[in-house]
Amino acid sequence: MEKKVVWVSMAVGFLGILSAALGFAAEATRVKASEVKTSIPGECIYPKTPALVLGLSSAVALMIAQAMVNTIAGCLCCKKQRYSSETNWSIALIAFIVSWVTFIIAFLLLLTGAALNNQRGQESMYFGSYCYVVKPGVFAGGAVLSLASVSLGIVYYVALSNFKSTQTWGPQSNQGIAMGRPEIPPQSTQPVFVHEDTYNRRQVP
């Protein structure tokens, strides 16, 4: 494996782990129902938590990781798929699609959780007889999906890099080597005429 592939995979993997860690931290510090107080009907008092910053940071780290791996690897859909029977190509295609699906869901979960935790002091967020809070598992789900998205992005990048390497060096492995049977000059089938004097001189002992 090339050094470039290793370094890119390490950088993207670090961003994925960072995004997941921030997502789990946001889940741990989110506003809980027991922490919300009501002073008067129609008014909810929310405590200040770092869940907003942590959720946004997790989403940004995930977006950078996804943009990096796809920019360096290149767009898979824009390339000709005449080598679709190759194993690496099939793996790259599946990883590319699933990575984008998980990225979109994780990104939306992280942004939604961060936005709903953006409560400062006293807010009129009183619905019926309940104060609205983010349900448990929103940030955690985004963190898990962000880690899955980055992992699949690395698989996509590595598989596509191996595919490109095979397609680049494979057909050129026989260049510079002459292949085929050796050329033998054709033999003439026409009779050769010898002058009579030359024949007589060769017969004299």
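Modelled spin-label separation between residue 6 and residue 35, with each label point placed 7 Å from Cα along the Cα-to-Cβ direction: 4.3 nm. Label positions at residue 45 and residue 97, each projected 7 Å from the Cα along the C-beta direction, are separated by 5.4 nm.
Every number in this text was worked out from the coordinates using simple rules, so none of it is lab data. Note that the coordinates shown come from a computational prediction; the quantities given were computed from them, not determined experimentally. Cβ sites come from the backbone with ideal geometry, for glycine too, and all protein chains shown count toward neighbours.
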